[in-house]
Each structure stands twice: as structure tokens, then as C-alpha cells.
Amino acid sequence: MTREDDDGWIEPTDPAIEESADRILAFSGAVDPQALAAIDERVQAVAWVDRPDQLEDRKLGFLLEHWQKLARACGGIPDRQDIDVLDLVPAIGNLMVLEAERDGFDAVYRVYGTGVADRAGRDWTGYRVSEMNRITRTPAALLYRTCYRAVFRRPAPLYTEHASPQWVGANSWRRLILPLSDGGIPCARFLVGNLPVGRKLMSPAEIAAQQQRIRGS
């Protein structure tokens, strides 16, 4: 498996993240494909959502509905303490929980679901998003960090879909980012449903190359 993306990889700067977050925050209704391409050419969909029927996948619909139920009960953004893992069993393997850092410009993976790790090739629990991006040199680095910054600023449920890099064992990813409050901070954590779409058949050589990449060797 080649690393043709490496030479053109650029680590996102805070100004670049903020500029892209501004674009997402301005989205309403149908999104211009050119606006999506300005963030990442692999982006297939970005939308602020407020109804489960806006989401094609049942797991993400379930997750949004549960989050909204908690939001109605507390009259605002659900607190991290409101989350009970037992209530999330239908989506448990596809859940990630991240702790926001630097006002959402970065975040640390505190939970990384087994269903996500299986396709991503590695459990990134304990790593920052920026560290994962830097190690893998993923072309989706700007998209990832932009979305977390946008949700931190709003905060509200955000849905995205994007094509995977070639070394990941999924064709694309559907992602729902939900803000969680903590100690009066409206968005201290992110509850994320992350679903792989399709499975790539990878040869032993491709798997070895993937592991070399994601281990940073």
C-alpha cells in the first residue's frame, strides 16, 4: 500500500480550522458541494440535524433521539453525568467519547468503540485527535478537527459523511457528533456515533502497510 498522501499532508493550523468551522456554522438546508470540497474533497455530507429521520442509519437515529430526550429533561445540553452506558447498548460498539481541549480545537479520545477500532485498524483511546492525525497523516485531518470546533462553538448535533483514506478498512464513515456539558461548560465532551460503511478487502501486504502507518513506523 503506497503512501501517496504523505507528501501533500499538512497539519491543520488553528486559523484553518476556524475558517472551516465558520463554513460549517453557516450551513443551513442544502449544502453547496463546492463548500464541502473547500473543507475536504472526500466530504460527502455535512448537516446540522434535529430529527432522527434525517439520519439514514438506525444506530445514529437512536443516538440522536436518546440525546434529545436527555436534553429535554435537563432543559439544555445533557451533562456527561447523564450518560448511562447501559442506555446506549444498541450503539455501544460504534461510540466514541472525546474530551474537548483548547475550546474544541483539539480533543482526547476517552472511549473508542470496538466497531470503530476494527475498521480503523487501531484503538486510539488516550490519544488526541491531532496526534492521531499526525501519526497517520490522514487527509481528513482538517475535517475531523473542524467538526469538533464547530460543535464546540454552536453546540448542537452535527452529522457528516466522508470517504475513507485507502488504508482504512471501510469505504466511508457516517458520524454524528453530540455535545455534552460538564461543570457549566456547554460543550466539554463529544459523544460520537461513528459508523463504517462497507468493508474493504485488504491483502496481507495492505494490512501490514496499514499497521506500519497507524503505528507511526
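The values are calculated or read from the model by the stated rules, or taken from the named source; none is laboratory data. Keep in mind that this is a model prediction, so the values were computed, not measured. Backbone-built Cβ (ideal geometry, glycine too); neighbour counts: all protein chains shown. The area values use the complete protein model at the heavy-atom level, side chains included, leaving out ligands, DNA and RNA. Shrake-Rupley method; radii C 1.70, N 1.55, O 1.52, S 1.80 Å.
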ask   = Within region 85-105, how many residues are open to solvent by less than 70 Å² (accessible area, probe 1.4 Å) and either without any contact (Cβ under 8 Å) to a residue 40 or more places away in the chain or over 19 Å from Tyr144 (Cα atoms) (or both)?
value = 4
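Filter region 27-47 down to the residues that are assigned to a strand (DSSP E or B) and either at pLDDT below 75 or under 16 Å from Ile17 (Cβ atoms) (or both) and list them by number.
Taking region 27-47 and keeping what is assigned to a strand (DSSP E or B), we get 43-47.
Passing the criteria: Val43, Val46.
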ask   = Any idea which of Ala71, Ala21, Ala47 is in contact (Cβ under 8 Å) with a residue 12 or more places away in the chain and open to solvent by less than 30 Å² (accessible area, probe 1.4 Å)?
value = Ala21
task = Please state which one of Arg154, Arg174 is of a type outside the set (S, T, N, Q), under 19 Å from Asp14 (Cβ atoms), open to solvent by 30 Å² or more (accessible area, probe 1.4 Å) and touching a residue at least 12 places away in the same chain (Cβ under 8 Å).
result = Arg154
note = Arg128 meets each of (1) touching an Asp or Glu at 6+ places or on another chain (Cβ under 6 Å); (2) surrounded by 20 or more Cβ atoms within 10 Å (Cβ to Cβ); (3) not small (Gly, Ala, Ser) with one exception, condition (2)
